[in-house]
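Colleague: The structure under discussion is supplied below as structure tokens; questions concerning it will follow.
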Amino acid sequence: MVELINEGVFYKNGELVADKNAGFEEVESGRKKTISYGIFSKHNHGSNDKELKIKFDALASHDITYVGIIQTARASGLKEFKVPYVLTNCHNSLCAVGGTINEDDHAFGLSAAKKYGGIFVPAHFAVIHQYMREMFAGCGKMIIGSDSHTRYGALGTMAVGEGGPELVKQLLGRYYEIKYPEVIAVYLTGKPRPGVGPQDVALALIGKVFKNGFVKNKVLEFIGPGVKNLSVDYRMGIDVMTTETTCLSSIWETDDKVKRFLEVHGRAGDYSELAPQEGAYYDGVVEVNLSEIECMIALPFHPSNVYTIKEFLTNAKDILAEVEKEGREQYGDKVMSYNLVDKVVNGKVMVDQGIVAGCSGGTYENVCAVTDIIKGKRVGAGGFNFSVYPASQPLYYELVNNGYIPELMLSGAVIRSAFCGPCFGAGDVPSHNGLSIRHTTRNFPNREGSKPSEGQISWVALMDARSIAATAVNGGVLTPATEVCTEEKEYEYKFNNMVYENRVYNGFGKPMPEHELRFGPNIADWPKMQQLGENIL
């Protein structure tokens, strides 16, 4: 399925070939022929191409991070957002705990967008990365976000997820300073089988490269004849999960499908063809034969704990016993009694919950594929809970408009708003010892919301939306989608921007310095600090 080549290669006649006789000058010249180099050099304000000083085209933060970023920038002299800064409200949007503090953050965010000229996306309107895909990502751009899954490579954008201080630096006109990274070619061939989705490809990739650190802090450049066999939604589903490989960023070659995506979203001018030049040099290769990818599952407690579903079901008791052992080593006697192996009943693995959500799962094609599997059938009342979170309101609107949402509702699925909660434990927390299968980004310990300090534990396994839907219609019996899918459809999408035009505040280029910031009991201004003298004493 996935093979690694740990040596430098050149891109020649559409293929990757090793040349051990290549000299230093040929290698250095080849490095400048990758897609990555072209984008980095366009955004580099440094004096050379080894020590990069990057300025980004746009910034993005959600409501867990933007308050601290803006407050820090203000204390450092911020007067105006000189670059588009998108503030989404897709994390702290339930106001389930803490009283008013979540909505206080949102009120602060809107007031800051007005004062400094930002873009404010109200709660439940879009998850951060879907909004950036729809409204900002484009070929040759660079975007930085204060969220680890900031990845828009499928649309030709080199995107980086970083901590808040790096966004503060951008707001203040400073640089993102890094050494020029190694670039790894992800060479795609073949075509996925019906029932195999983007999460399956992503998990196979993560399972191959995470533990050995093969792509750590490097850029993944997706190329090869297999790219054309993937829709843009499919590519984005793989791309967003590259964060879990520990790579720095990702970029894909672009084609007419990307052009069409941008046209549909009213941004035809953001398209340009991106492809490696003849003789491009890569520091290594990940070869992915899409035709060989199977339905995958990542068991607790990491996306790299990967098995094919077929392999897992064949050895479920032994594999679950290992996961349970790891849980006991991690939590000791802090949690109540639990038994993950008990999920195996009469040779079948029984699941308690299924969720399709967020920037990885809640895309248009994923929800459509789920609907095609589940329509005309029923989730049933046997204890399996199934929730679907479309990733944005425009996407939700189109799913309603074309009849997919009604079909899901009639089958017993619960439809939620655009919210990242299942990705980090703020929504649909399973019961104690419950097993949840999710098309989301992570399954780290307790990231689903359980609290070991209160004796709780629950389990999350990552799967593709298609296999989750197959499990839903099979009464919660874990089922690979290849058992129910015989064909893969293409889904036409229409984007209606009126949904955003009527609610999203876009103040970029129109700051109102006189506008008062709106604070709350949990948000205070920075205290005034005395200037340091020549000596402290």
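Colleague: Got a number for residues in region 4-38 being part of a helix (DSSP H, G or I) and of a type in the set (Lys, Arg)?
Modeller: So the count comes out to 1.
Colleague: Of all residues in region 189-214, how many are in a helix (DSSP H, G or I) and either aromatic (Phe, Trp, Tyr) or under 18 Å from the mean Cα position of the chain (by Cα) (or both)?
Modeller: Total meeting the criteria: 11.
Colleague: Mind checking which residues of region 475-513 are within 26 Å of the chain's Cα centre (by Cα) and without any contact (Cβ under 8 Å) to a residue 12 or more places away in the chain?
Modeller: Answer for region 475-513, where residues must be within 26 Å of the chain's Cα centre (by Cα) and without any contact (Cβ under 8 Å) to a residue 12 or more places away in the chain: 492, 498, 501.
Colleague: Follow-up. Considering each of 69, 54 in turn, give the residue that is in contact with a Phe, Trp or Tyr (Cβ under 6 Å, 6 or more places away or on another chain), among the β-branched types (Val, Ile, Thr) and farther than 14 Å from residue 507 by Cβ.
Modeller: Residue meeting the stated conditions: 54.
Colleague: Step by step: first the residues of region 39-78, then only those that are assigned to a loop (DSSP other than H, G, I, E, B) and among the basic types (Lys, Arg), then the one that is farthest from residue 160 (Cα to Cα). Which residue is that?
Modeller: Once the filter is applied, the top-ranked residue is 50.
Colleague: Now a separate question. Which of the residues spanning region 376-400 are in contact (Cβ under 8 Å) with a residue 12 or more places away in the chain and part of a helix (DSSP H, G or I)?
Modeller: 393, 394, 395, 396, 397, 398, 399
Colleague: Can you find even one residue in region 414-437 that is under 18 Å from residue 334 (Cβ atoms), among the polar types (S, T, N, Q), in contact (Cβ under 8 Å) with a residue 60 or more places away in the chain and not assigned by TED's automatic domain parsing to the domain that holds residue 240?
Modeller: Yes - at least one qualifying residue is present in region 414-437.
Rundown of residues vs (1) within 21 Å of residue 282 (Cβ to Cβ); (2) β-branched (Val, Ile, Thr); (3) at pLDDT below 95, yes/no style:
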residue: 225; (1), (2), (3): yes, no, no
residue: 231; (1), (2), (3): no, no, no
residue: 235; (1), (2), (3): yes, no, no
residue: 238; (1), (2), (3): yes, yes, no
residue: 246; (1), (2), (3): yes, yes, no
residue: 251; (1), (2), (3): yes, yes, no
residue: 259; (1), (2), (3): no, no, no
residue: 263; (1), (2), (3): no, no, no
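Colleague: Same structure again: Find the residue count for region 328-357, including only residues that are touching a residue at least 24 places away in the same chain (Cβ under 8 Å) and either of a type in the set (A, V, I, L, M, F, W, C) or touching a strand residue (DSSP E or B) at 6+ places or on another chain (Cβ under 8 Å) (or both).
Modeller: 16
Colleague: When you go through (1) at pLDDT below 95; (2) closer than 20 Å to residue 261 by Cβ; (3) of a type outside the set (D, E, K, R) one by one for residue 77, which number turns out not to apply?
Modeller: (2)
Colleague: Check whether at least one residue in region 114-125 is at pLDDT 95 or above, under 19 Å from residue 169 (Cβ atoms) and not in a helix (DSSP H, G or I), and report yes or no.
Modeller: Checked region 114-125: at least one residue is at pLDDT 95 or above, under 19 Å from residue 169 (Cβ atoms) and not in a helix (DSSP H, G or I).
Colleague: So how many residues does region 332-351 have that are of a type in the set (Ser, Thr, Tyr) and either surrounded by fewer than 18 Cβ atoms within 10 Å (Cβ to Cβ) or farther than 17 Å from residue 434 by Cβ (or both)?
Modeller: 1
Colleague: Which members of region 305-323 meet the condition of being closer than 17 Å to residue 446 by Cα and either touching a Cys at 6+ places or on another chain (Cβ under 7 Å) or surrounded by fewer than 19 Cβ atoms within 10 Å (Cβ to Cβ) (or both)?
Modeller: 323, the sole residue that qualifies.
Colleague: Checking residue 130 against (1) touching a Ser or Thr at 6+ places or on another chain (Cβ under 7 Å); (2) closer than 17 Å to residue 245 by Cβ; (3) touching a residue at least 24 places away in the same chain (Cβ under 8 Å), only one condition comes out false. Which one?
Modeller: Going through (1) touching a Ser or Thr at 6+ places or on another chain (Cβ under 7 Å); (2) closer than 17 Å to residue 245 by Cβ; (3) touching a residue at least 24 places away in the same chain (Cβ under 8 Å) one by one, residue 130 breaks only (2).
Colleague: Between 196, 209, which is more than 26 Å from residue 147 (Cα to Cα), buried (at least 16 other Cβ atoms within 10 Å of the Cβ) and in contact with a strand residue (DSSP E or B) (Cβ under 9 Å, 6 or more places away or on another chain)?
Modeller: 196
Colleague: Could I ask something else about it? Any idea how many residues of region 446-474 are touching a residue at least 24 places away in the same chain (Cβ under 8 Å) and in a helix (DSSP H, G or I)?
Modeller: 10
Colleague: Every residue in region 156-194 that is in contact with a Cys (Cβ under 7 Å, 6 or more places away or on another chain) and under 19 Å from residue 140 (Cβ atoms), please.
Modeller: Correct list: 156 only.
Colleague: Let me ask something additional. State yes or no: is residue 177 in contact (Cβ under 8 Å) with a residue 24 or more places away in the chain and within 27 Å of residue 423 (Cβ to Cβ)?
Modeller: Against the criterion (in contact (Cβ under 8 Å) with a residue 24 or more places away in the chain and within 27 Å of residue 423 (Cβ to Cβ)), residue 177 does not qualify.
Colleague: Restricting to region 420-434, name every residue that is crowded, with 24+ Cβ neighbours inside 10 Å and hydrophobic (A, V, I, L, M, F, W, C).
Modeller: 420, 423
Colleague: Out of the residues in region 83-100 that are assigned to a loop (DSSP other than H, G, I, E, B) and at pLDDT 95 or above, which is nearest to residue 119 (Cα to Cα)?
Modeller: 84
Colleague: Could you identify the single residue in 79, 12, 50 that is surrounded by fewer than 16 Cβ atoms within 10 Å (Cβ to Cβ), assigned by TED's automatic domain parsing to the domain that holds residue 147 and more than 24 Å from the chain's Cα centre (by Cα)?
Modeller: 79
Colleague: Identify all residues within region 444-467 that are buried (at least 23 other Cβ atoms within 10 Å of the Cβ) and not small (Gly, Ala, Ser); write none if there are none.
Modeller: 448, 457, 459, 460, 462, 463, 464, 466 - these are the residues of region 444-467 that are buried (at least 23 other Cβ atoms within 10 Å of the Cβ) and not small (Gly, Ala, Ser).
The values are calculated or read from the model by the stated rules, or taken from the named source; none is laboratory data. What you see is a predicted model; the values in this text were computed from it and never measured. FYI the Cβ positions are ideal-geometry reconstructions off the backbone, even for glycines, and counts take in every protein chain you see.
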